[in-house]
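One structure is given here, and the rest of the page talks about it.
The values are calculated or read from the model by the stated rules, or taken from the named source; none is laboratory data. It should be emphasised that the depicted structure is a prediction, and the values quoted were computed from it without experimental measurement. Note that each Cβ is placed from the backbone with ideal geometry, even for glycine, and that neighbours are counted across all protein chains shown.
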């Protein structure tokens, strides 16, 4: 590593440690920010010599990154930005802090995928899904797919592990090969992680025709784009690998969506030579992910935290949650997006019949939505009021980003 | 109403549904049903013919490509024009509002609109993103407009339409006026589920569609709280 990078890396680690010691955060961003100021190529320097996997998509990034880190850990030490700081500053901090490791698994904000591909020259990249998220500032889905596609054209050697169930991902992962330009089609391994949310992929990104779906398959009615045959699939409570061998998956994380994330993790780890049979037991060691799925006992209630940031992830959260009293909390601060319109893209009717409590800065937006949905609810002002309002037993908490962090803070920043 | 039930058509949800636009259909249906009116909801995709015999047509928001395509298909289909000629109600939001005019800009070119309302839209110097509020044309008899806008367009009203509201926060058409209406056609830059924050606007559309001038009142406690909270937030932001 060049001297400038060494200094930058050391200063970055110190700043992160200071930030943590001062109680200003977990230091996962500030260190990288300072390091990159001293050496703009620091991320590239810190990446050199490591075999890296990137994990990107709208939903499931943090959990899949954690599961992949566990799986690749079969081979040796793995650096990772485990706390969801998923922009280049977070990657820089994570790699500087980890010191020398043979492997790294990095969660990447979907807007930064091209930049991080460039800086880290990864061995593999996992593309999970693309759906609407914070439209008041984020790019629309089709534009994001286009950015991914253009980035993959520039990195034909990276091994792509992509979700066969999401038409936008499939299109992004299948850029046209142009032999005249020396472009070869990327090597893609397809997995099937299921997709409950379809409302961002009715229109073909290639030709604009309607996409049809039936029995898990999908195809464009106007061009050859269709669901590729996946090599990794979820079957019952396990994962089928490309050889046809079935591996039982025992996760401590709820929901079929996490079985899909486990399949993805095994597929990515396989790109590094990890045999699924060696990795499956390690997946079961992941209990909660930066507070997601954490369970805390409070006054005889078992509180479980579920993060849901956009329509697709709300649908998954309803599937994960037990039929139990449920607290919903909605904010619309900067990290959440200022626009609450998406609440009407979520069908809350699965909650009918459960005791529903609502809170958060934008509880009234949620109240109007639930009213239209015919789901009875009660508005509470504080987390304590919610806990007191439900009987002893499970309390499911589903919250969007800053609302989730607020409740996590109430629970002593549980991880 | 055209038949026994109130027929609501959601126009091209495959193209024009970006920001919870479904909300407007859900709210109209709910408010009609709570008053004992049966509702027939039709979601008409862009590869289907648009029925001309419905009571209310909802056109939602969308990005440039889908907006241009939606306008082309509506022009070719002709169903919406026939419906308007028969006195149907049309409610357009954001991109769906723009395409009711004579022309709009999408992907850097001027596109032909449906020419159902006398206005044209072009690109503004900045994107308008944030809370939108305004005092509604008193002839419509409804309280202030509350919404969220996210668009790059500016809309220039001709003499054949009236502005929906005078802007008190945000940009709307041009920083002064917001939205437009004439007869039973109404459009607004308040995007997505605009009717969630404006139940009286929802009832106005229902009155136009049914011809019933006195609809039984509904319990709008939560919408009223939401409106007053948003009004306070807008006022606080203006002071800051």
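Of the residues making up the stretch B:217-232, one or more are surrounded by fewer than 18 Cβ atoms within 10 Å (Cβ to Cβ), touching a residue at least 24 places away in the same chain (Cβ under 8 Å) and either more than 14 Å from chain A (Cβ to nearest Cβ) or closer than 26 Å to residue A:370 by Cβ (or both).
You will find that of A:324, A:317, A:332, the residue that is assigned to a loop (DSSP other than H, G, I, E, B), more than 9 Å from chain B (Cβ to nearest Cβ) and within 23 Å of the chain's Cα centre (by Cα) is A:332 and no other. Of the numbered conditions (1) more than 14 Å from residue B:149 (Cα to Cα); (2) surrounded by fewer than 22 Cβ atoms within 10 Å (Cβ to Cβ), residue B:170 fails exactly one; give the number of that condition. Among (1) more than 14 Å from residue B:149 (Cα to Cα); (2) surrounded by fewer than 22 Cβ atoms within 10 Å (Cβ to Cβ), residue B:170 violates only (1).
Within the stretch A:366-382, can one find any residue that is more than 14 Å from chain B (Cβ to nearest Cβ) and in contact (Cβ under 8 Å) with a residue 12 or more places away in the chain? Yes: one or more hits. Scanning the stretch A:346-357 for residues that are more than 13 Å from residue A:396 (Cβ to Cβ) and more than 10 Å from every other protein chain (Cβ to nearest Cβ) yields A:348, A:349, A:352, A:353.
For the stretch A:104-130, the set of residues classified as surrounded by 24 or more Cβ atoms within 10 Å (Cβ to Cβ), modelled with pLDDT under 95 and farther than 19 Å from residue A:289 by Cβ consists of A:130 only. Take the conditions surrounded by fewer than 15 Cβ atoms within 10 Å (Cβ to Cβ), more than 14 Å from every other protein chain (Cβ to nearest Cβ) and either within 28 Å of the chain's Cα centre (by Cα) or within 22 Å of residue A:58 (Cβ to Cβ) (or both) and apply them to residue A:413. Does it pass? Considered against the rule, which asks whether it is surrounded by fewer than 15 Cβ atoms within 10 Å (Cβ to Cβ), more than 14 Å from every other protein chain (Cβ to nearest Cβ) and either within 28 Å of the chain's Cα centre (by Cα) or within 22 Å of residue A:58 (Cβ to Cβ) (or both), residue A:413 comes out as yes. Just to be sure before I move on: is residue A:343 within 30 Å of residue B:93 (Cα to Cα), surrounded by 24 or more Cβ atoms within 10 Å (Cβ to Cβ) and within 13 Å of chain B (Cβ to nearest Cβ) in the structure I sent? Answer is yes for this residue.
Looking at the stretch B:7-19 only, could you name the residues that are surrounded by fewer than 23 Cβ atoms within 10 Å (Cβ to Cβ), more than 7 Å from chain A (Cβ to nearest Cβ) and more than 18 Å from residue B:196 (Cβ to Cβ)?
B:7
As a summary of the residue check, residue B:139 satisfies the conditions (1) in contact (Cβ under 8 Å) with a residue 24 or more places away in the chain; (2) more than 14 Å from every other protein chain (Cβ to nearest Cβ) except for the one numbered (1). Only one of the numbered conditions (1) at pLDDT 95 or above; (2) surrounded by 23 or more Cβ atoms within 10 Å (Cβ to Cβ); (3) within 14 Å of chain B (Cβ to nearest Cβ) is not met by residue A:361, and that is (2). Flag not set for residue A:338, criterion: away from chain B (no Cβ under 14 Å) and either assigned to a helix (DSSP H, G or I) or surrounded by 16 or more Cβ atoms within 10 Å (Cβ to Cβ) (or both).
Within the stretch A:361-393, the set of residues being over 17 Å from residue B:230 (Cα atoms) and part of a helix (DSSP H, G or I) comprises A:370, A:371, A:372, A:373, A:383, A:384, A:385, A:386, A:387, A:388, A:389. Among the candidates A:101, A:189, the residue that is touching a helix residue (DSSP H, G or I) at 6+ places or on another chain (Cβ under 7 Å) and modelled with pLDDT of 85 or more is uniquely A:189. For residue A:205, the conditions (1) at pLDDT 90 or above; (2) within 14 Å of another protein chain (Cβ to nearest Cβ); (3) within 23 Å of the chain's Cα centre (by Cα) all hold with the exception of (1). Considering only residues in the stretch B:42-58 that are in contact with a helix residue (DSSP H, G or I) (Cβ under 6 Å, 6 or more places away or on another chain) and closer than 17 Å to residue A:199 by Cβ, the one that is modelled with the highest pLDDT turns out to be B:58.
Restricting attention to the stretch B:20-43, and to residues there that are over 25 Å from residue A:310 (Cα atoms) and under 19 Å from the mean Cα position of the chain (by Cα), which single residue is farthest from the other protein chains (Cβ to nearest Cβ)?
From the stretch B:20-43, those over 25 Å from residue A:310 (Cα atoms) are B:31-42; that's our starting set.
Among the residues that remain, those that are also under 19 Å from the mean Cα position of the chain (by Cα) are: B:31-32, B:41-42.
Working: B:31: 9, B:32: 12, B:41: 13, B:42: 17 Å.
Of everything passing the filter in the stretch B:20-43, B:42 is farthest from the other protein chains (Cβ to nearest Cβ).
For the stretch A:252-279, the set of residues classified as modelled with pLDDT under 95, surrounded by 15 or more Cβ atoms within 10 Å (Cβ to Cβ) and part of a loop (DSSP other than H, G, I, E, B) consists of A:253, A:254, A:255, listed by residue number. Just checking, does the stretch B:150-159 include any residue being over 15 Å from residue B:91 (Cβ atoms), away from every other protein chain (no Cβ under 14 Å) and touching a residue at least 60 places away in the same chain (Cβ under 8 Å)? Checked the stretch B:150-159: no residue is over 15 Å from residue B:91 (Cβ atoms), away from every other protein chain (no Cβ under 14 Å) and touching a residue at least 60 places away in the same chain (Cβ under 8 Å). Applying the criterion of at least 3 residues that are buried (at least 19 other Cβ atoms within 10 Å of the Cβ) and at pLDDT 95 or above to the strands (runs of 3 or more DSSP E) found wholly in the stretch B:108-166 leaves B:119-136, B:145-157.
Restrict the check to the stretch A:167-176 and report whether at least one residue is more than 19 Å from the chain's Cα centre (by Cα), in contact (Cβ under 8 Å) with a residue 60 or more places away in the chain and away from chain B (no Cβ under 14 Å). No: the stretch A:167-176 contains no residue that is more than 19 Å from the chain's Cα centre (by Cα), in contact (Cβ under 8 Å) with a residue 60 or more places away in the chain and away from chain B (no Cβ under 14 Å).
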